[in-house]
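Before any comments, here is the structure.
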Amino acid sequence: MIDNDPSAGTGGFGEILVSSRSLHEYRAMFALTDDDLERRILDCPGGAAGFAAEVSRRGGDVTACDVAYFDGGIDRVAATAVAEADRGNRYVREHADAYRWTFFADPDEHHRARRESAEHFATHTRTSPHRYIPGRLPTLPFADNTFDLALSSHLLFSYADDLDYTFHHRSTIELARVATTEIRLFPLTPIGSSERYPQLDQLLADLSESGISSRIAEVDYEFQAGANEMLVCQVPR
Ligand SMILES: C[S@@+](CC[C@H](N)C(=O)[O-])C[C@H]1O[C@@H](n2cnc3c(N)ncnc32)[C@H](O)[C@@H]1O
């Protein structure tokens, strides 16, 4: 877990789970194809996800970026990743009715999968630390068009009570700046809700003003009840 600094322009929030979703979850959340996995991918926030590790093992090219990696934080994140998976699983058990038990059959399977993913992450940070770059949305430490595809899961929209509209707008524009063709954001439903982020229409309109076209796509993944949509933004070049 990390304490985010409200003065950094993120809208002012407390603890955010450093979670550890797997390649299997990323594929489902973002409807990723084998071709997608051959592109240069940014995963921001990367958290303690096993995604970069598992795609690297296939020969792919993923860079994970997260505010928690600052100040040598990558070792701390690696050391606490499994404990964070335990913390996330406790939350899920306490709120089991808020989840659909199809992707994971039950809380035990969720726990096993997230712990395994956290372990992949921790091992990979030791063998390939250059894949884990500290960064804080809405300002990323990458040149324009560094990546083909930027993925962002469980930060924007999820923490809508704590992250203001300006953060959402600026972060989306920033992800589009560093990705040549496309960004995908998941989910569109704040934690504790089963409705879309209330200012989504406003965001789509503002992105359109900047020349970024967006569409909402249903995906074949629903863990948090009601959260089965991603936002796909095409970046004009
Ligand atoms: C719930 S985790 C999601 C991690 C990963 N995408 C996954 O799905 O497993 C949220 C992450 O957002 C990171 N975070 C919070 N504020 C951030 C910011 N302003 N810029 C980049 N990362 C941030 C946290 O450190 C945490 O790792």
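Residues in the stretch 25-53 that are assigned to a loop (DSSP other than H, G, I, E, B) and away from the ligand (no atom under 12 Å from the Cβ) were compared, and the one that is most open to solvent (accessible area, probe 1.4 Å) is D35. Within the stretch 54-68, the residues that satisfy the criterion of being within 8 Å of the ligand (Cβ to nearest atom) and either open to solvent by 10 Å² or more (accessible area, probe 1.4 Å) or hydroxyl-bearing (S, T, Y) (or both) are D66, V67.
Residue count for the stretch 1-18 under the criterion of being modelled with pLDDT of 50 or more and open to solvent by less than 30 Å² (accessible area, probe 1.4 Å): the result is 2.
Does the stretch 114-127 include one or more residues that are away from the ligand (no atom under 11 Å from the Cβ) and under 23 Å from L156 (Cα atoms)? Checked the stretch 114-127: no residue is away from the ligand (no atom under 11 Å from the Cβ) and under 23 Å from L156 (Cα atoms). Once the stretch 71-103 is narrowed to residues that are among the aromatic types (F, W, Y), at pLDDT 95 or above and more than 17 Å from F51 (Cβ to Cβ), the residue that is surrounded by the most Cβ atoms within 10 Å (Cβ to Cβ) is Y99. Among the residues making up the stretch 104-149, those that are under 26 Å from T172 (Cα atoms), surrounded by fewer than 19 Cβ atoms within 10 Å (Cβ to Cβ) and of a type in the set (D, E, K, R) are D144, D148.
Scanning the stretch 150-171 for residues that are open to solvent by less than 10 Å² (accessible area, probe 1.4 Å) and either touching a Ser or Thr at 6+ places or on another chain (Cβ under 6 Å) or part of a loop (DSSP other than H, G, I, E, B) (or both), we see that the one that is farthest from the ligand (Cβ to nearest atom) is F157. Of the set (1) away from the ligand (no atom under 13 Å from the Cβ); (2) without any contact (Cβ under 8 Å) to a residue 40 or more places away in the chain; (3) outside any loop (DSSP other than H, G, I, E, B), all apply to W101 but (3).
The values are calculated or read from the model by the stated rules, or taken from the named source; none is laboratory data. Worth saying up front: this structure is predicted, and the values here are computed from it rather than measured. When we count neighbours, we look across all protein chains shown, and the Cβ atoms used for this are built from the backbone with ideal geometry, even at glycine. Surface areas here come from the heavy atoms of the whole protein model, side chains and all, with no ligands, DNA or RNA. Shrake-Rupley method; radii C 1.70, N 1.55, O 1.52, S 1.80 Å.
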